[in-house]
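Each remark here refers to the structure printed beneath this line.
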Amino acid sequence: MAAPTSATWRIVLASGNPGKLAELSALLAPLGCQVQAQGEFHLAEAEEPHPTFIENALAKARHASFHTGLPALADDSGLCVEALGGLPGVRSARFAPQVEGPRAEQDAANNRLLLQQMEGQTLRLARFVSIMVALRHAADPEPLIVRGELIGQIGHAAQGQGGFGYDPLFVLADGRTLAQCDAQEKNRISHRGQALQTLLPLLRTHWGWMAASSERPQGWAIPTPTLPTSGEGVISPPPRRGGGRDGDGPAFP
Ligand SMILES: O=c1nc[nH]c2c1ncn2[C@H]1C[C@H](O)[C@@H](COP(=O)(O)OP(=O)(O)OP(=O)(O)O)O1
Ligand SMILES: [Mg+2]
């Protein structure tokens with residue numbers, strides 16, 4: 001069988017967050033694969049009902065892979081604030097009551113609530129956490145799962161225009177907020193950047209996905225990727241709801 005070219009490798013990004021999508025696309029660029037956001041397939045966002053990042057990341061990746069027939073990558077992330085016992089954590093996106101309208105307005109409401117809850121707090125330590133899941137297909141029994149983390153402090157007022165979400169309140173060791181970093185710098189240090197740096201070698205060794213040809217040492221053999229046997233656009237059969245025997249595939253929510 002002929003070795004695939006990098007153009008053969010496609011992955012759907014299981015996120016509806018334009019800030020994340022931009023970061024992930026830039027981070028995946030060295031692979032030279034074709035990256036498509038789930039929005040290009042007009043997919044509704046997956047439910048994220050679970051109490052852990054890992055379960056929500058799996059749910060998002062499965063949802064995208066199931067509906068597109070493509071390998072999928074999802075990130076479930078959040079801000080864990082020490083003085084708030086780890087909150088907003090897995091509920092970071094829905095910390096403040098839901099605001100209709102653009103995502104930026106929900107972000108602003110979340111930031112206002114965080115500042116309110118941090119009033120009078122001297123302990124301002126916080127962590128951004130990202131759990132990332134990559135699936136070859138919706139019923140992949142061996143998801144690749146990685147994590148990344150960034151430590152900082154919660155500021156006393158929003159600063160900076162870059163990034164998204166809680167970036168204007170997340171203060172780095174040098175006193176700048178993440179919203180004051182440019183996109184490249186944020187990707188180099190961020191929780192998502194760290195998680196993806198851990199994931200890239202796994203995509204190479206477990207899926208056979210290689211760096212773009214320009215970055216490959218000459219004469220490096222490209223193994224055949226272990227992609228799902230179903231062809232592009234073919235959707236795996238829906239799993240049985242509940243009560244499946246081991247090996248029957250996952251119970252989808
Ligand atoms: O680098 C970051 N800079 C600032 N804020 C961040 C970051 N990373 C995650 N966050 C916040 C945004 C959101 O409040 C929550 C993620 O929630 P999370 O469900 O994973 O993402 P989301 O709903 O925005 O998009 P999606 O689920 O479609 O990927 O944590
Ligand atoms: Mg979400």
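The values are calculated or read from the model by the stated rules, or taken from the named source; none is laboratory data. As the structure is a prediction and not an experimental result, all values here were calculated from the model. Neighbour counts run over all protein chains shown; Cβ positions are idealised from the backbone, glycine included. Remember, those area values only see protein heavy atoms, side chains included, never the ligands or the DNA or RNA. Shrake-Rupley method; radii C 1.70, N 1.55, O 1.52, S 1.80 Å.
Basic side chains Lys and Arg get +1 at the Cβ, acidic Asp and Glu get -1 at the Cβ, and with that the dipole of segment 6-215 about its Cα centre reaches some 220 debye. Placing dummy labels 7 Å off each Cα toward the beta-carbon, the span from Thr205 to Glu45 is 3.5 nm. Which one, Ile189, Ala74, Phe95, is farthest towards the positive end of the dipole of segment 6-215 when Lys and Arg carry +1 and Asp and Glu -1 on their Cβ? Comparing the listed Cα positions along the dipole, Ile189 ranks first.
Heavy-atom accessible surface of His206, to the nearest 10 Å², is about 100 Å², with a 1.4 Å probe and all protein chains retained.
Dipole size of segment 1-127 about its Cα centre, with +1 on Lys/Arg Cβ and -1 on Asp/Glu Cβ: approximately 180 debye, rounded to the nearest 20. Taking other residues whose beta carbon is less than 14 angstrom from the beta carbon of Leu125, and scoring Lys, Arg as +1 and Asp, Glu as -1, yields 0.
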